[in-house]
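A.B. asks: Dropping the structure in here first, questions after.
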Amino acid sequence: TFADQQKGIAALEPGSRTRQIKVQHVAAFLRWATSKASGYLLPQEKWTPPPKNALGDYVGRKSAQKQQETANPTVAIEDADLIALLNSLPIDVDKDQKKHRLRDRAMEWDLALRLAIVYGLRPIEVSYDYLQVKKDGKKEYLFCTYCKKAGAGITRPRRLWPLHPEWQEEWKLIQRIKKKSPLPRMASGAGDSFKNYLRFNEVWKKLKSENGVVPYSFRHSYSKRGHQIYK
């Protein structure tokens with residue numbers, strides 16, 4: 001609901017990308033709700049939002065630390081470090097122990113990370129809301145329906161191409177998506193959910209300290225792989 005959106009925005013870090021997107025969505029809703037298209041669902045004098053280029057007060061300003069982090073270029077993660085990160089997830093916890101929820105959550109994130117790594121997905125795309133299995137003849141492939149809205153327009157749904165292809169087969173990613181193997185719930189925003197889960201991981205902390213990696217680094221790793229290895 002609109003009230004839920006307001007509460008969600010207030011809880012997000014000022015200046016963050018997630019907060020910016022939420023503010024834009026609420027403003028877009030208000031523009032529609034106070035227009036003829038909605039039959040003037042809400043009274044214009046009370047609910048008309050500020051112009052598109054005047055949302056800064058609602059988005060807020062980044063902290064000095066966040067400004068420094070986002071000013072630096074996003075780095076890619078090398079293949080060996082990606083494997084080390086996957087191997088560091090606490091999946092081998094005994095199911096009979098009290099830590100079984102830790103294992104279940106790790107398995108959800110294991111699949112999420114493998115999808116982001118192999119297909120270069122944006123964090124928000126790691127969701128059954130957007131992922132489908134399709135066929136090209138007898139060959140199955142993954143398809144993403146997410147459309148990113150940007151100032152220049154909107155992207156199109158697309159076929160996902162695995163890099164490296166052998167990882168797709170070895171990790172049985174298409175089969176896992178067909179079975180709807182659990183993926184993590186990302187209530188705080190996809191990018192923030194990735195960040196929050198990985199923040200205490202020792203491999204991730206080392207990569208972040210040395211190279212400044214962020215969740216979008218998985219997408220940059222895919223891009224680098226495509227250019228340097230697959231040309």
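The values are calculated or read from the model by the stated rules, or taken from the named source; none is laboratory data. All figures in this text were calculated on a predicted structure; none of them were measured in a lab. Here Cβ is always computed from backbone atoms with ideal geometry, including for glycine, and neighbour counts include all displayed protein chains. The protein model used for the area step is the full one, side chains on, heavy atoms only, and it has no ligands, DNA or RNA in it. Shrake-Rupley method; radii C 1.70, N 1.55, O 1.52, S 1.80 Å.
A.B. asks: What are the ³J(HN,Hα) couplings of segment 165-173, residue after residue, when phi is run through the Karplus curve with 6.51, -1.76, 1.60 and θ = phi - 60°? Round to Hz, x for glycine and proline.
C.D. replies: Per residue, the Karplus-derived 3J(HN,Hα) values read x, 5, 5, 4, 6, 4, 8, 6, 5 Hz.
A.B. asks: Can you give me the distance in nm between label points at residue 87 and residue 133, each placed 7 Å from the Cα along the Cα-to-Cβ direction?
C.D. replies: A separation of 2.9 nm, rounded to one decimal place.
A.B. asks: Now for a different question. In whole Hz, with x marking every Gly and Pro, tabulate ³J(HN,Hα) for segment 199-215 from phi via Karplus 6.51 cos²θ - 1.76 cosθ + 1.60, θ = phi - 60°.
C.D. replies: Along segment 199-215, the couplings run 4, 9, 6, 5, 5, 5, 4, 5, 5, 5, 5, 7, 10, x, 5, 9, x Hz.
A.B. asks: Using θ = phi - 60° and the Karplus relation 6.51 cos²θ - 1.76 cosθ + 1.60, list the HN-Hα couplings for segment 119-127 in order, rounded to whole Hz, with x at every Gly or Pro.
C.D. replies: Residue by residue, segment 119-127 yields 10, x, 6, 5, x, 5, 7, 7, 7 Hz.
A.B. asks: How far apart, in nm, are the 7 Å Cα→Cβ label points at residue 36 and residue 149?
C.D. replies: 2.1
A.B. asks: Which sequence of 200, 218, 29 reflects their accessible areas, 1.4 Å probe, from the largest down?
C.D. replies: 200, 29, 218
A.B. asks: A further question follows. For residue 61 paired with residue 47, estimate the spin-label separation in nm (one decimal), with each label point 7 Å from Cα along the Cα-to-Cβ line.
C.D. replies: So the two model labels end up 3.3 nm from each other.
A.B. asks: Then there is this: In what sequence, highest mean first, do 157-166, 49-58 appear when ranked by Cβ atoms within 10 angstrom? Don't skip to the answer; put the middle values down first.
C.D. replies: Working: 157-166: 14.8, 49-58: 11.9.
Final packing ranking: 157-166, 49-58.
A.B. asks: Of all the accessible heavy-atom surface of segment 154-227, with the other protein chains kept in place and a 1.4 Å probe, what percent is carbon and sulfur?
C.D. replies: On the way: 2390 of 4410 Å².
Carbon and sulfur: 54 percent of the exposed surface of segment 154-227.
A.B. asks: What net charge is computed for the residues neighbouring residue 27, neighbours being all others with C-beta under 14 Å from the C-beta of residue 27, Lys and Arg scored +1, Asp and Glu -1?
C.D. replies: On the way: positive: 19, 22, 31, 52, 149; negative: 57.
The answer is +4.
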